[in-house]
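Structure first, commentary second.
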Amino acid sequence: MESPNVNAAQLGRLEKVKLRTVWADEATDFTPWLAADDNLAQLAEAIGFGADDLELESTEKNVGPFRADVLCKDTAENQWVLIENQLGKTDHGHLGQLLTYAAGLNAVTIVWVAAKFTDEHRAALDWLNEITTAGTDFFGLEIELWKIGNSPAAPKFNLASKPNDWSRNVTRAAGGKEELSDLKQLYLKYWTDFSETVKERSRHLSPRKPRPQHWTNLAVGRSGCRLTARVSSRNEVLAVELGLNDRENAVPFFELLKRDRQQIESEIGETLNWRLKPNKKECAVNVEWEGEDPTDRDRWPRQHEKLADMLDRFYVAFSPRLKQLDPAEYEEVRAEEQEDTETASRSPDGLP
């Protein structure tokens, strides 16, 4: 048995730090800190998102005569995430602001961060999670600061309230108007089990809330882009896909990535399908496997491993590239190609 690297006598003692010794003001100190990439990643993980899932849109976002603290985009689902924060104990004022901003921004994920949640406000969030339609989620997070000796203070988020995902999906499918069909119940179980496989096998991805549908989305680190795993019981097909859904940048992103197609496919280890959709508002890169029946539960473990491993490869190949892409480069490339075409057309036999 190996001896421990640290003697028990050398262990430090955790000491709680008052929040206002680090952030004197909510608006000028705490909100900017919370909006920083590393801190948004920590908050995202606290509510069950992946570290790359939240992309900052703005701070102090105007909503009528009011201003919401932090507005983010859920890059996996391309939906708004609202964060309202306070350095003290929860109060009715912030609860009212939270609901006002959520309605004004049409946010589907609402996060309330505070130093301490009262029982009444925790119950209020729990109640909101019970009565709202599936797909609208309220989270309560308590933030703490801790240090050991003279070390810098470290933040810690604790969940005070969260949705009960499984019961909400089962009992309020289709907005609560109908019960889940047998197939939708199967899909819900399929993605619930798949989530566990991703947690065990993936080094880069965090599974999202399972839903009773034939696909599930995951973040790839840039707004308007997402990874998708999908199945088809009718065609017996599994697929992993990079979806480019930004109306303005889908085509530029697609064409810029395609210039690196050979290297990308080499890294992933598969020949990929590159699809520029006719309306040019959405593009996709995918790989499919035929002869895979998602209704055969005995085949789930192998299917889940196949999907999780390929999603990991897609993430490694595409995420760094997407984060560096500049749509303006596409216009420059098009201008150069147009100039070359015009030059060739003016020259006899296409010669200079």
Cα to Cα, under 17 Å, and not fewer than 8 places away if on the same chain: which aspartates and glutamates meet these conditions relative to Lys18? Glu26, Asp29, Glu142, Glu144
Calculate, for Glu332 and Asp37, the FRET efficiency according to 1/(1 + (r/R0)^6) with r their C-beta to C-beta distance and R0 25 Å; round to the nearest 0.05. 0.35
Relative contact order of segment 16-163, defined on C-alpha pairs under 8 angstrom at six or more residues apart (%): 19
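Going down the table (Lys209/Lys323; Lys184/Lys258; Lys199/Lys277), which pairs top 28 Å between alpha carbons? Can you show the working numbers first?
Details: Lys209/Lys323 24 Å; Lys184/Lys258 35 Å; Lys199/Lys277 32 Å.
Pairs exceeding the cut-off: Lys184/Lys258; Lys199/Lys277.
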Note: Trp146 to Arg259 extended length (0.36 nm per residue) minus current alpha-carbon separation gives 35.9 nm
Counting alpha carbon pairs within less than 8 Å and at least 6 residues apart, what relative contact order, in whole percent, applies to the chain? 13
Rounded to the nearest Å, what's the spacing between the alpha carbon centres of segment 218-267 and segment 282-304? Just the number, please. 16
Alpha-carbon Debye profile of segment 263-302, log10 I(q)/I(0) at 0.29 Å⁻¹: -0.93
Trypsin sites (Lys or Arg not before Pro) within segment 223-297: which are DSSP loop residues with at most 16 other Cβ atoms inside 10 Å? Arg234, Arg247, Arg259, Lys280, Lys281
Compute log10 of I(q)/I(0) for the chain with the Debye formula, placing one identical point scatterer on every Cα and leaving out solvent, at q = 0.09, 0.10, 0.14 Å⁻¹, to two decimals. -0.62, -0.75, -1.22
Would you kindly work out the equivalent ellipsoid of segment 16-163 from its C-alpha gyration tensor and give its semi-axes, the square roots of five times the eigenvalues, largest first in whole Å? 23, 17, 16
Could you give P(r) for segment 179-331, binned at 10 Å from zero, as whole percent values over all Cα-Cα pairs? 11, 41, 33, 14, 2
Enumerate the amide H contacts of Val237 below 5 Å, restricted to partners 5 or more residues apart or on another chain; note that Pro and chain-start residues carry no placed amide H. Ser232, Glu292
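Just so you know, all these numbers are worked out from the coordinates, no wet-lab data involved. This is a predicted model, so every value here is computed, not measured. Because the Cβ atoms are built from the backbone with ideal geometry, glycine has one as well, and the counts that use them run over all protein chains shown.
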